[in-house]
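Throughout, read-outs are computed from the coordinates displayed, never taken from laboratory work. Because the structure is a prediction, the values reported are computed rather than measured. Here the Cβ positions follow ideal geometry from the backbone for every residue, glycine too, while neighbour counts run over all protein chains shown.
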DNA sequence: ATCCCTCGTGTAATCGATTCCACGAGGAGG
DNA sequence: CCTCCTCGTGGAATCGATTACACGAGGGAT
């Protein structure tokens with residue numbers, strides 16, 4: 001039960017609680033003798049300040065909330081890891097909330113985080129219009145969007161721009177002779193959902209290729225939706241030659257669907273994905289993907305948020321994504337493929 | 001700085017703060033009229049109680065800490081997800097700490113969680129002897145070990161027993177004609193690190209096969225260590241015919257090393273792993289693995305911990321793992337492999 | 001020697017809730 | 001009609017910290 005409090009420390013050191021607090025917070029001047037005795041008492045009692053009480057008084061928790069879209073998605077766990085790393089370096093803790101791509105779960109977590117009086121919020125919104133998020137931002141909660149964002153809010157955004165990489169991908173695909181290209185999109189309500197489709201369409205347009213509705217699969221960034229969308233593509237009278245999945249989990253689902261049909265990648269159909277993850281090197285075949293600078297994104301997001309909290313004015317950050325060619329889109333020589341693999345490996349290390 | 005407090009609600013409703021609190025906590029009796037006005041005021045003001053203040057007073061946060069060994073490991077994220085799910089259902093929040101398999105990081109997180117006065121701690125210890133963990137347990141912090149545990153502490157353990165599955169695996173490997181079997185172990189300081197080796201050795205002994213030291217690679221549950229261990233195996237004068245990785249990330253590293261050598265699985269060397277993950281279906285080749293009932297483990301762990309917190313006395317839980325055969329260990333007919341794959345898929349859904 | 005400033009320290013208010021205790025009103029029972 | 005109990009309510013203490021303010025002691029300047 002216990003709970004050694006500041007009073008116990010004060011009593012043992014023979015000083016007042018104020019002095020103990022001053023020693024612990026290096027505030028105003030304290031005599032060396034008193035400091036010594038306080039420190040000794042802290043040590044002897046194993047005293048740890050109650051963070052709740054401290055936060056209640058100071059109105060700051062030195063805690064940041066991170067609403068992650070889906071913990072099962074390797075891209076987001078990598079992001080979470082770098083966010084936590086940077087936050088720790090800056091003296092903040094992170095409290096995660098897993099939204100599982102469900103708006104109501106997202107709102108649940110935002111509410112509990114706000115109730116806990118976190119100092120700021122890092123959000124990758126699961127839907128486009130959560131009023132709760134916007135309200136919180138307007139009410140003055142320091143907030144930064146990462147990866148995805150909600151338009152119309154005065155909130156800094158840290159994200160990557162995949163347009164150039166998508167153009168590179170389309171050039172690569174076109175070069176391999178593919179003309180019928182399909183995409184599995186994320187939810188239209190998310191920015192990454194709609195942007196990636198737009199980028200793909202634009203890149204296709206440069207080659208005079210259209211993107212018919214039948215070649216746009218509606219996914220939700222989860223594996224099952226990738227499977228369904230791919231099944232639909234394969235059932236088409238004229239199926240696409242390439243499927244581009246807007247995230248890694250939908251690519252996994254696409255792979256499932258293709259394998260279930262008894263088809264082979266890239267011989268029967270090519271596959272590429274947004275978001276590169278370590279497993280893509282070892283899938284059958286290794287998958288061509290668009291890699292985001294995940295670690296930098298996480299770091300930049302935390303810096304932007306702490307800037308906001310500490311009174312500085314951060315700017316939005318946009319970092320370029322890049323194409324990583326493996327051989328899921330067409331025949332390449334073994335050496336070329338190996339080279340690409342090694343290059344990826346090296347840059348990931 | 002904003003902050004609508006209980007006083008504001010009380011003022012607007014024309015009652016005292018005590019009454020507001022009573023309404024919000026459904027405590028003693030409140031007249032319907034007063035309750036009505038309080039609720040209206042709460043609604044109008046958008047009042048949310050300050051969780052810090054409440055926790056300070058009540059000495060409970062309704063928050064559980066989860067120390068996860070490595071967020072980048074799909075096994076642990078799956079565990080984290082089910083833990084959060086069950087906790088939410090029981091009215092608790094989860095605060096995660098990622099230990100990255102580093103004891104000092106683990107201790108850092110435990111300390112901050114304790115400072116926050118979480119109600120209980122779910123730990124999958126990164127090392128065997130963290131004094132901090134043991135001290136916390138002895139000091140009365142409700143605690144449950146999950147997956148891994150530290151011997152000699154009076155703490156319930158929720159884990160899976162892989163011994164039967166390892167026996168099945170060895171039988172499978174033996175049946176395919178393999179006789180030189182190696183293992184990439186986790187850190188000896190972790191229970192899962194040493195237990196899996198012991199189970200493997202026992203299972204081999206049943207076939208009169210020894211496990212020489214040269215066939216035990218020392219890993220740390222991270223991909224890089226799997227790579228190094230595998231390289232060492234392959235450089236042996238008599239390399240093993242099978243490599244069994246004690247977790248999925250080390251299996252990924254093994255795959256890297258094997259590919260870098262220009263060898264093929266299972267033709268040149270067979271590979272199996274502990275922990276099954278969705279990607280294993282699509283690696284080249286699909287990997288034979290031992291699957292843990294991850295979701296059940298997470299749920300059971302949370303229930304054990306909340307039992308402890310709420311004064312009931314939970315028991316340790318051990319659930320069996322099971323072998324999932326794919327074709328990374330030897331030739332199988334396509335149909336058999338497909339059947340296995342489908343079976344896995346179905347049970348994962 | 002006196003005055004004033006600085007330094008070290010303690011007392012008490014405060015953060016925002018919960019909850020013990022006291023108190024007045026009203027109904028039931030005698 | 002008086003007593004007693006219950007019900008609804010408010011006042012105030014409390015949780016464990018931080019911090020404004022006050023105050024005494026000591027040193028330097030005049």
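By the beta-carbon count within 10 Å of each Cβ, the least crowded to most crowded order of A:16, B:69, fewest first, is A:16, B:69. The mean count of C-beta atoms from other chains within 10 Å of the C-beta of residues in A:270-283, rounded to a whole number, is 3. Cut-off 10 angstrom, C-alpha nodes, Gaussian network model of chain B. Which of B:131, B:74, B:156 fluctuates the most? Answer for the Gaussian network model of chain B: B:131. Neighbour counting of Cβ atoms within 10 Å sorts the residues B:178, B:27, fewest neighbours leading, into B:27, B:178.
Working note: Cα atoms of chain B, range along each principal axis, descending, whole Å: 85, 44, 38. Computed from Cα positions, the angle between helix B:248-260 and the longest principal axis of chain B comes to roughly 40 degrees. When each of B:130, A:316 is scored by the number of other beta-carbon atoms lying within 10 Å, the sequence from fewest to most is A:316, B:130. Take each residue of peptide A:81-89, count the partner chain Cβ atoms within 10 Å of its Cβ, and average: the result is 2. A convex hull fitted around the alpha carbon atoms of the stretch A:111-214 yields 112 Å³ per residue. The Cα atoms of the stretch A:54-112 give a gyration tensor whose axes a ≥ b ≥ c have a/c of 1.5 or more with a/b no greater than b/c, which makes the shape oblate. Counting only alpha carbon atoms, the long axis of helix B:191-205 and the longest principal axis of chain B meet at about 30°.
List the equivalent ellipsoid semi-axes of the stretch B:6-49 in whole Å, largest first, each obtained as the square root of 5λ for an eigenvalue λ of the Cα gyration tensor.
Numbers: eigenvalues 41, 21, 17 Å².
The three semi-axes for the stretch B:6-49 are 14, 10, 9 Å.
Looking at the stretch B:195-330 only, what percent of DSSP beta bridges run antiparallel? Nearest 5 please.
Of those bridges, close to 30 percent are antiparallel.
In percent, rounded to a whole number, the relative contact order of chain A is 15, using alpha-carbon pairs under 8 Å and six or more apart. Seen against the Cα atoms of chain B and their longest principal axis, helix B:74-89 is set at about 30 degrees. When the helices of the protein assembly as shown are scored as -39500 (n - 2.57) per DSSP H run of n ≥ 4 and the total is divided over every residue, the value at 222 nm lands at -14500 deg cm²/dmol. Here, the stretch A:94-150 yields an orientationally averaged convex hull projection of 3.5 nm² when only Cα atoms define the hull. From largest to smallest, the equivalent ellipsoid semi-axes obtained for the stretch B:230-313 from the alpha-carbon gyration tensor read 37, 13, 9 Å. For the stretch A:5-35 versus the stretch A:177-226, the spacing of their alpha-carbon centroids is 63 Å. Here the Gaussian network model covers chain A, with springs between Cα atoms less than 10 Å apart; of A:235, A:189, A:44, A:44 fluctuates the most.
Can you give the percent of C-alpha pairs in the protein assembly as shown whose distance is more than 46 Å?
Numbers: 60014 of 243253 pairs.
It works out to 25 percent of all Cα pairs.
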